[in-house]
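Please treat every number below as a calculation from the coordinates, not as lab data. Please read all numbers here as calculations on a predicted model, not as lab measurements. So basically every Cβ, Gly included, is an ideal-geometry build from the backbone, and we count neighbours across all protein chains shown.
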Amino acid sequence: MRAAFWIFGAILLLAPTMHPWYLLWMAPLLAIFPHPAWLYLEAGVALSYHALYLANPGEPWQEVPFLKLLEYGPFLVLLGLHLAVHGSRKTPIDPQGR
């Protein structure tokens, strides 16, 4: 299950397009493995709908860089902190298999 969590997360982060509903793949796994960064992104993705309200019919889609920073900035900081703290914990390998 944890492998699926990280695989889905990697797919979402490496995908060329992030539609808000793509994050629904992570929601069931977040119930089992609550992760602050992904929980923030699940909520912060609502900021991506700003372009819908700023768009006028027939005009190009307008992205606001500040809102993208609010959407993805805290996620990346929380993810980096998590990896810095938990990624450095290596489980020692017992040569006797215990």
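So the values come out like this:
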read-out: Cβ charges +1 (Lys, Arg) and -1 (Asp, Glu), total dipole of the chain, debye; value: 500
read-out: Shape metrics for the chain, restricted to C-alpha atoms - Rg then Dmax, Å; value: 17.4, 68
read-out: Vicinal HN-Hα couplings computed from phi for the range 68-73 (Karplus, 6.51 cos²θ - 1.76 cosθ + 1.60; Hz; Gly/Pro x); value: 5, 5, 5, 6, 9, x
read-out: Net length gained if the chain between Val85 and Thr17 were fully extended (0.36 nm per residue, minus Cα distance); value: 21.6 nm
read-out: Peptides 54-66, 24-36 ordered by average Cβ neighbours within 10 Å, highest first; value: 24-36, 54-66
read-out: Gain upon complete extension [Leu76, Ala55; 0.36 nm per residue less C-alpha separation]; value: 4.8 nm
read-out: Helix 2-14 axis, angle to the chain major axis (alpha carbon atoms, nearest 10°); value: 40
